[in-house]
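See below for the structure under consideration.
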Amino acid sequence: MNLPALVDAGLQALGLRSQAPTPYDTSLLQKALVGTDSIGRLNPVNYQYVGGTAQWVSPTGQALRARLVGQVGRVNSYFAKKAAALPWTLWRNGPDGKPQQLPPNSPLLERLWQPNPMVGQVAFMRQQCTLYHGAGNVFIWANRLEDGPRKGQAQEFWILPDGHTKPMGGDAMSPVDFYRFTPDLGKPGEYLDLPASDVLHLKNDPLPGEVMGVSTIQSANREVTLDLATTTTQVSQLQNQGPVGIVSFPPDGTTTIALSEPQKQQLRERLKQDYTGPTKKGALPVVTEKVEFVRIGVSAVDLDILNVTEANFRAICSWWGVPSELVGDKEKSTYNNVAEARKAAYTDGVLPYLEVILPEWSRWACPMFEQGTWLQVDTSGVAELQADKAALVAWLKDAYWVSTQEKQEMVGAKVDNTLPKYYIPAGLEASDALPEGEKSRRFEEYPSVGTGG
């Protein structure tokens, strides 16, 4: 081990140099999870060991990880999984002015299928969703081709790490001039200025004039704080819950039975040895003295904490639009409730999120590949949303005045122009097909038909 590495490690331990991996860390980083290393440097988990080298994990990323725990983490994970699993489709207006879906091998859809060499589409979209709700801002950089027949198209999409990118310039009435990306926050003087056209900035619920969005976690600050407090209280109760009960010996007449300290210790060991543990359940104690046992139950305060935790959990779920019964609320879970809740998770949470995200993606990414196109989400694979389609099909079955091709469009099927345009029920006749005399006779018999009265 050379002297410079040792000096470097010592300076880090004394706080005189910013933390960075040294040759000592190679084996350590593969094993350490928490705490300090052998020379006292804090928290080796702030590094990731990748490809034979140690990489620094952003402090802002660590802070976001710390917030995405407990009930918040559970709800956010459920939401992100559902939102990321929905496929995107590409559309444009056809010659007849009606929207037409483009094939799945369109260049933009192929790029979204593999945004960059590190992740596929679903993992990419999960990261996007997590940052959107967890940090309030998502910065996506397009690595564009600079020459060739596809000049200007994105060859990669990258989600920039949380906290490393800042909008520069612009105000409430003018767009951002450029985005400043700092790869290493420990070296603020080393940065890259990215053209505004190369960066998509997704903002969660910004107010007019605000350049940055706000995270759902920050909006739900009261509920998140209460979640942390109740969890801490429950952990403390489990760690310091005390005895399950009290063993005592009632007086024998007027004689008080007193045990010495050695006798008490011997009794504790005997009870623990003979009557505790999974294999001792149902064992029958045999005693020769009168013994009483008083169990210590859950206090009213403990029950109140549990009730507050459940109510707060439902409030947290509402911020994401996810019904609580989908993420562990057993009290509200019935078969019908869960079936309706799955549908509500899409209609109240996932789809409104995508209604914000997709237009921004369309505005930014579609012109790189093909003008006049836009992105939509495909919900045909979501069983919970097909009940509405079944009701629509049942209604269209009797709607003879709607053309066959319009019906196909309404249910999302491919239009087949070879089918008859209208299907008229057997009991109905077109008035134009009747002889003039018969038509007049029927109008006289049913005057309101001809007059609209």
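Taken together, the values in this text are just the output of simple stated rules run on the coordinates, not laboratory data. Since this is a predicted model, take the numbers as computed values, not measurements. Because the Cβ atoms are built from the backbone with ideal geometry, glycine has one as well, and the counts that use them run over all protein chains shown.
Figures for the structure shown
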| read-out | value |
| --- | --- |
| Partners for Lys389 among lysines (Cα-Cα distance below 28 Å; same-chain residues under 8 apart left out) | Lys81, Lys82, Lys98, Lys332, Lys343, Lys397, Lys407, Lys414, Lys421 |
| Difference of contour (0.36 nm per residue) and Cα-Cα distance, Leu11 to Lys264 | 85.6 nm |
| Anchor Lys187: lysines whose Cα lies under 27 Å away (excluding residues fewer than 8 positions away in-chain) | Lys166, Lys203 |
| Environment charge at Gly70 (Cβ cut-off 13 Å; Lys +1, Arg +1, Asp -1, Glu -1) | +1 |
| Rounded if a/c under 1.5, otherwise prolate or oblate - the range 327-424, Cα gyration tensor axes | oblate |
| Inter-probe distance in nm under a simple model that places probes 7 Å from Cα toward Cβ, at Val286 and Leu271 | 2.0 |
| Extended-chain gain in nm, criterion 0.36 nm per residue less alpha-carbon gap, Met410 and Ile246 | 51.9 nm |
| Whichever lysines have a C-alpha closer than 29 Å to that of Lys290, once near sequence neighbours (fewer than 8 apart) are set aside | Lys264, Lys272, Lys280, Lys281 |
